Amino acid sequence: MTQPDYIIIKAKEDGVNVIGLTRGNDTKFHHTEKLDSGEVMIAQFTEHTSAMKIRGKADVHTAHGVITSEGKE
């Protein structure tokens, strides 16, 4: 059995949204978390979660490196 991928999200401002999206025929939002500056969330892709949307300024750490989301300017 393989382990699902984890990502780590570190908020760089208040109000960063982490939105989980379902897999299947219809993609839907199924879970939302709001992070404040400095908060860290560890998230996992599962049989129900195929994608995540990060809204706001945050560092996203993955097995492939670190990506910084920019938020609105």
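Rule-based calculations on the coordinates, nothing more; no lab input. All values reported here derive from a predicted model rather than from experimental measurement. When we count neighbours, we look across all protein chains shown, and the Cβ atoms used for this are built from the backbone with ideal geometry, even at glycine.
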Name every residue in segment 14-35 that is surrounded by 15 or more Cβ atoms within 10 Å (Cβ to Cβ) and more than 11 Å from the chain's Cα centre (by Cα), in order of residue number. T22, R23
Filter segment 1-35 for residues that are among the small types (G, A, S) and in a strand (DSSP E or B); the one that is farthest from E70 (Cα to Cα) is G20
Can you give me the number of residues within segment 20-34 that are of a type outside the set (S, T, Y) and within 9 Å of A51 (Cβ to Cβ)? 3
Qualifying residues in segment 36-57 (those that are part of a strand (DSSP E or B) and in contact with an Asp or Glu (Cβ under 8 Å, 6 or more places away or on another chain)) - the one surrounded by the most Cβ atoms within 10 Å (Cβ to Cβ): M41
Extreme residue, nearest to G71 (Cα to Cα), among residues of segment 36-60 that are β-branched (V, I, T) and in contact (Cβ under 8 Å) with a residue 40 or more places away in the chain: I54
